[in-house]
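The values are calculated or read from the model by the stated rules, or taken from the named source; none is laboratory data. The structure presented is a predicted model; accordingly, all values stated were derived computationally and were not measured. Reconstructed Cβ throughout: ideal geometry from the backbone, glycine too, with neighbour counts over all protein chains shown.
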Amino acid sequence: MKNQLLQLHRDNAQRPRAPINLARNEAGATLYIYDVIDPYWGVSAKDVIAALAAINGTPDLHMHINSPGGDVFESRAIMAALKRYEGKVIAYVDGLVASAATSIALAADEVVISQGAFFMIHNASSLVWGDKNAMRETADLLEKVEGAIVSDYTGKTGQTEQQVIDWMNAETWFSADEAIANGFCDRLADTPKTSNASNAWNLAAFANAPQSLRKPTEPDPAPSPAPQPSMTRANANRLALVNSL
């Protein structure tokens, strides 16, 4: 059977690239990030940096996001660029803000979410090929990456580190109301329920993606084995993915 993680990248890479859209007027600027975060086949840090340079001096930036995530290092470069922006940045979760895209949203001064949208956090993941040393090095790197992400989440939400780690281990999908209640978003958008996230991407590699976001052609995820005392939920999910090969 196919490797679901590789299939995720393959299917999403075949989608037409959706470059960022930028508009500027006297009241401020509007930036749309409606794609995977990736330097080659999605929205890149260079794209965002160029957009920010084009609106230099604009007091307010309204940044709309609909993204399943992508490259964590690219997202952190975008996050850093937004932190350097001198004006106020307001992020809007229009449909789906998941994985690496959450760091971009949380770089804003205010996060607004549409009713019907989702905000998803999970553990960092990677593909690696090599011997035991390569595997250990990759695991160590992922733990360091997750440490920075946990710091971002606790800083925004005020939640404890352990609570955030538990949510990441479980791959947690927050509805709009839940994202606000738990501190990831600040308020609801004054717009009708959105359906922008529906069927936009192949989310088969995510264990807990809501059925409403899954494409009709996606297979149901393989059931995870019941975790043993020494096996976390995240490890059980990874084992299910390996067993599907």
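Can you confirm whether N196 is surrounded by fewer than 18 Cβ atoms within 10 Å (Cβ to Cβ), at pLDDT below 95 and within 17 Å of T102 (Cα to Cα)? Please lay out each step first, then the result.
Details: surrounded by fewer than 18 Cβ atoms within 10 Å (Cβ to Cβ): yes; at pLDDT below 95: yes; within 17 Å of T102 (Cα to Cα): yes.
Considered against the rule, which asks whether it is surrounded by fewer than 18 Cβ atoms within 10 Å (Cβ to Cβ), at pLDDT below 95 and within 17 Å of T102 (Cα to Cα), N196 comes out as yes.
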Write out, first by first residue and then by second, each pair whose Cβ atoms fall under 7 Å of each other, whose residues are 6+ apart or on separate chains, and whose first residue, in the stretch 55-72, is within 30 Å of A209 (Cα to Cα) and free of Cβ contacts under 8 Å to residues at least 60 places away in the same chain while the second is buried (at least 18 other Cβ atoms within 10 Å of the Cβ) and of a type in the set (D, E, K, R).
H64/D94; I65/D94; S67/D35; G70/D38; D71/D38
For the list (1) within 21 Å of D71 (Cβ to Cβ); (2) assigned to a helix (DSSP H, G or I); (3) touching a residue at least 40 places away in the same chain (Cβ under 8 Å), I need the number of the one condition that S125 fails.
(2)
The helices (runs of 4 or more DSSP H) lying entirely within the stretch 1-95 that contain at least 3 residues which are modelled with pLDDT of 85 or more and crowded, with 17+ Cβ neighbours inside 10 Å are 45-54, 72-84
Consider M79 against the criteria (1) in contact with a strand residue (DSSP E or B) (Cβ under 8 Å, 6 or more places away or on another chain); (2) under 24 Å from G147 (Cα atoms): it satisfies all of them except one. Which criterion is unmet?
(1)
Do the conditions hold for I121, that is, is it more than 16 Å from I33 (Cβ to Cβ), surrounded by 13 or more Cβ atoms within 10 Å (Cβ to Cβ) and modelled with pLDDT of 95 or more?
yes
Let me spell it out: the conditions are (1) at pLDDT 80 or above; (2) among the hydroxyl-bearing types (S, T, Y); (3) assigned to a loop (DSSP other than H, G, I, E, B), and T191 meets all of them except one. Which number is the exception?
(1)
Can you go through T138, T154, T102 and tell me which one is part of a helix (DSSP H, G or I), touching a residue at least 60 places away in the same chain (Cβ under 8 Å) and of a type in the set (S, T, Y)?
T102
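Condition check: touching a Phe, Trp or Tyr at 6+ places or on another chain (Cβ under 7 Å), modelled with pLDDT of 75 or more and not polar (S, T, N, Q). Does F206 satisfy that?
Values: touching a Phe, Trp or Tyr at 6+ places or on another chain (Cβ under 7 Å): no; modelled with pLDDT of 75 or more: yes; not polar (S, T, N, Q): yes.
In short, no.
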